[in-house]
1. Report the A-B buried area as the accessible area lost on both sides summed, probe 1.4 Å, in Å² to the nearest 100.
2. On a 1.4 Å probe surface of the protein chains, which of B:Asp393, B:Asp180 comes out largest in accessible area, and what is the full order?
3. Can you give me the distance in nm between label points at B:Glu278 and B:Leu132, each placed 7 Å from the Cα along the Cα-to-Cβ direction?
4. Quick check: net charge around A:Val15, other residues with Cβ under 14 Å of its Cβ, Lys/Arg +1 and Asp/Glu -1?
5. Counting only protein chains, not ligands or nucleic acids, how are B:His281, B:His184, B:His84 ordered by accessible area (probe 1.4 Å), most first?
6. Restrict the search to the range B:72-151; then list the trypsin sites (Lys or Arg not before Pro) that DSSP places in a loop and that have at most 10 other Cβ atoms within 10 Å of their Cβ.
7. For the protein assembly as shown, build the charge dipole from Cβ charges (+1 Lys, Arg; -1 Asp, Glu) around the Cα centre, then report which of B:Asn394, A:Gly52, B:Thr257 sits farthest towards its positive end.
8. Expressed as a whole percentage, what fraction of the accessible surface of the range B:1-84 belongs to carbon and sulfur atoms when a 1.4 Å probe is rolled over the protein heavy atoms?
Amino acid sequence: MNFLYALRMTLARQVEQVHAINRRYAKPRLAMSSAVQWALLVLRLYLLTLVGLLGYKFITVVMQ
Amino acid sequence: MSWIARLYYRLQRWFKAVRLYLVLAGPGVVVMIADNDAGGITTYAATGAKYEYYLIWFLVILGPVAYYIQEMTVRLGAVTKRGHAEAIFDGFGPFWGWFSLLDLLLVDWLTLVTEFIGMTSALAIFGVPPWLTVVGVCLLMAIMVLNGRYWTWEKLALAFCALNLIYIPGAFLVHPQVSDVLAHGLIPNFPGGFNGELFFFLMANIGTTIAPWMLFFQQSSVVDKGLKEKDIAWGKFDTLVGAFFTVLVAVFIVIVTGTVLNGQDINDAAQASTKLMETHHYAGVFMAIGLFDAGLLGAICISLASSWAFGEVFGWAHSLNNKIREAPLFYVSYFFALITAGLVVLIPRAPLVLITLFVQVVAVTLLPAALVFLILLLNDKDTMGDRTNSLWDNIVNGSIVAIIIALSTLYGVSTLFPTLFN
């Protein structure tokens, strides 16, 4: 019981720490000019494509 | 008499500059030479065996490319006094911050496994069992970090960097024809025409020259060492020296395998060492020692890159100048990554080849993001002040980043779909 309680408390502390980090950096300090926004959009599309390819490869390997 | 006085004055100034450099040297040389890690040595050995000296020119070009990318981390670290992970959180918010941090953790850990693969296979040539290699490496790395001083860690790392130069005498042992090396190696050409296989080798060489962990490592290292804005010129020079040596080592590995193993397919550097030992015993021994050293240097830097990054973001004490009781979580994360990666290599029938391939693919997801963030952060005038990228910096670095992203993506995709470019 004590172990489970300690584990729950540790996890809760970690989650709170992650929330604190999210709050600390909630507002990006870099000015979001159109160039920066465009670069981040392209980066998102690039990563989505790459993750899609990885997923496709994973599925085809599993299906074999 | 006046010319003697002038000469004395100049020599004194020169010695002072050398002394100052020796104090400030470290992050650039260590990161650049550690770039020739176990995976890198395999790539260079296979390149030489496959294409003899004909791709040396390409390695020479990669030197300045690595320098231009890495010098940006020197400026960013010295000006902001922040590591790369924290800079991304601060500049772009939690989404990109967590993406970079978790991706770095994954790619670093996988790369660490490949370093252990290299080290165990290198020492296996001398009859050392893998478990002993893993235990020995973990103990050695514990001794390096637990002394509680960045300075000591750095000087020990520099000693291992010096050992990486073992490939140079190794090349002289195989007696290459210098005229052939110069005639074949320094004129840009594509041996056998530009085909899928050559393209794969070119991309593999780029992949080993610029890796995501290098950006995170050097920036954190600059911060931990305490380099200031006034030291940036020396930091850049240090990076230039490192870039020179990383190319030099790569070229000499290509010369060794290009001379002795020309026309043979090499799957890993340990195999190259064994084959070399059949005809040139000491060249093979040097290759194996170099492979172990390369894996060790890679492990030293990569495990620290992750721990520094986590420490920066979570706000833990995260300096090598801290004792273990002052920064327990920093050292716990360091040893956790190290020991678990070492244990993977000891698992019977672990999918080590799959892990090696997966590293390349995962690195491709992090590298473009890290490079784009680097360029954007270096253009933030509010933070960087007069150290902001100039127009020329942006043209050079922007072009390099665009080419690296395109080629590393093709490399990652061709790893996933090997027949795509055939």
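1. Buried surface at the A/B interface: approximately 2600 Å².
2. Details: B:Asp393 35, B:Asp180 55 Å².
Ranking B:Asp393, B:Asp180 by accessible area, largest first, yields B:Asp180, B:Asp393.
3. That separation, rounded to one decimal, is 2.6 nm.
4. Every neighbour counted, the sum reads +2.
5. If we order B:His281, B:His184, B:His84 from most to least accessible, we get B:His281, B:His184, B:His84.
6. none
7. After comparing all options, I get B:Asn394.
8. On the way: 2460 of 3600 Å².
Of all accessible area on the range B:1-84, carbon and sulfur atoms account for 68 percent.
The values are calculated or read from the model by the stated rules, or taken from the named source; none is laboratory data. Keep in mind that this is a model prediction, so the values were computed, not measured. Cβ sites come from the backbone with ideal geometry, for glycine too, and all protein chains shown count toward neighbours. Surface accessibility is based on the protein's heavy atoms, side chains included, excluding ligands, DNA and RNA. Shrake-Rupley method; radii C 1.70, N 1.55, O 1.52, S 1.80 Å.
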